[in-house]
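Colleague: First the structure, which I've put down as structure tokens, then a few questions once you've had a look.
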Amino acid sequence: MMAKITFYGHSAFLVELDGKKILIDPYLSNPLSPVKPEDVKDVDLVVLTHGHGDHLGDAITILKNNKNAKIVAIYELANYVGEQIGDPSRAIGGNIGGPMLVDDLKIALTPATHSSPYGAPTGVVIIGKEATIYHAGDTGVTMDMKLIGELYKPDIALLPIGGHFTMDPVEAAKAVELIKPKVAIPMHWGTFPVLYGKPEEFKKLVEEKTPETKVIILQPGETYSYP
């Protein structure tokens, strides 16, 4: 049993977990993505952390092309997407707090310090048999991350490091110290010049502060298998 995480640039990932294909923040029209929205097939779930264009991304196109896929997000954003695809029955809207039961997985929305045009911004914890994966969305570092680490014990944390709009490498390394995941994967870097944070700096800081966490730097198109 093995979970797989494929990075598509920016904050977009394909997670293969417990036999499900899950796209998180599928901004596949980003300049670094090796795949196009129309290339995506057989997706089960699209999970969104918030409604900014670089995270909502190409979700509506992908959901229109994958008629059986469901959208999971904060209530207001899920409803908006459900309306846009013309099928509100495929929208699973939750809120920050107790995990939702979705297709034999548990999905918990977590606090994120950011903004969003639809509902509150969130992170997301996807809990399966093969792994527990935390995607922090866009956020600054907060003490909530200690609670996320204690409650959900994520095996893998996907953390923004670019700075300007989110944590930079220094703050993201502190987030690792609070969460204590087995593996940390940096995201939200390199897409645009304003995102100055470098994954190598993040890796060096984590190795100094939290050496028990392994940092995996994925280039767009690369896949990490866990364990």
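The values are calculated or read from the model by the stated rules, or taken from the named source; none is laboratory data. Quick caveat, the model's predicted, so the values are computed rather than measured. Cβ: placed from backbone, ideal geometry, glycine included. Neighbour counts: every protein chain shown.
Colleague: Pick from the range 31-48 the residues that are of a type in the set (D, E, K, R) and touching a residue at least 12 places away in the same chain (Cβ under 8 Å): which of them is nearest to Tyr80 (Cα to Cα)?
Modeller: Per the stated criteria, the residue is Asp44.
Colleague: Oh, and also: When you look at Gly94, is it touching a strand residue (DSSP E or B) at 6+ places or on another chain (Cβ under 7 Å), surrounded by 21 or more Cβ atoms within 10 Å (Cβ to Cβ) and at pLDDT 95 or above, yes or no?
Modeller: Against the criterion (touching a strand residue (DSSP E or B) at 6+ places or on another chain (Cβ under 7 Å), surrounded by 21 or more Cβ atoms within 10 Å (Cβ to Cβ) and at pLDDT 95 or above), Gly94 does not qualify.
Colleague: Scan the range 120-139 for residues that are of a type in the set (A, V, I, L, M, F, W, C), outside any strand (DSSP E or B) and over 17 Å from His10 (Cβ atoms) and jot them down.
Modeller: Those that are of a type in the set (A, V, I, L, M, F, W, C), outside any strand (DSSP E or B) and over 17 Å from His10 (Cβ atoms): Ala120, Ala131.
Colleague: Follow-up. Out of Ser89, Ser116, report the one residue that is more than 30 Å from Lys204 (Cβ to Cβ), surrounded by 22 or more Cβ atoms within 10 Å (Cβ to Cβ) and small (Gly, Ala, Ser).
Modeller: Step by step, each of Ser89, Ser116 is checked, and only Ser116 is more than 30 Å from Lys204 (Cβ to Cβ), surrounded by 22 or more Cβ atoms within 10 Å (Cβ to Cβ) and small (Gly, Ala, Ser).
Colleague: Name the single residue, out of those in the range 2-39 being in contact with an Asp or Glu (Cβ under 6 Å, 6 or more places away or on another chain) and among the hydroxyl-bearing types (Ser, Thr, Tyr), that is surrounded by the fewest Cβ atoms within 10 Å (Cβ to Cβ).
Modeller: The residue in question is Ser29.
Colleague: Separate question: Being in contact with a Leu (Cβ under 8 Å, 6 or more places away or on another chain), assigned to a helix (DSSP H, G or I) and not acidic (Asp, Glu): is that true of Val206 here?
Modeller: The answer is no for Val206.
Colleague: Evaluate the range 176-186: report whether one residue or more is within 20 Å of Gly98 (Cα to Cα), within 16 Å of the chain's Cα centre (by Cα) and at pLDDT 95 or above.
Modeller: Yes, there is a match, as at least one residue in the range 176-186 is within 20 Å of Gly98 (Cα to Cα), within 16 Å of the chain's Cα centre (by Cα) and at pLDDT 95 or above.
Colleague: So, in the range 47-75, exactly how many residues are in contact with a strand residue (DSSP E or B) (Cβ under 7 Å, 6 or more places away or on another chain) and not aromatic (Phe, Trp, Tyr)?
Modeller: The qualifying residues number 13.
Colleague: Related question: Which residues, taken from the range 169-213, are of a type in the set (D, E, K, R) and surrounded by fewer than 16 Cβ atoms within 10 Å (Cβ to Cβ)?
Modeller: Answer for the range 169-213, where residues must be of a type in the set (D, E, K, R) and surrounded by fewer than 16 Cβ atoms within 10 Å (Cβ to Cβ): Glu200, Lys204, Glu207, Glu208, Lys209, Glu212.
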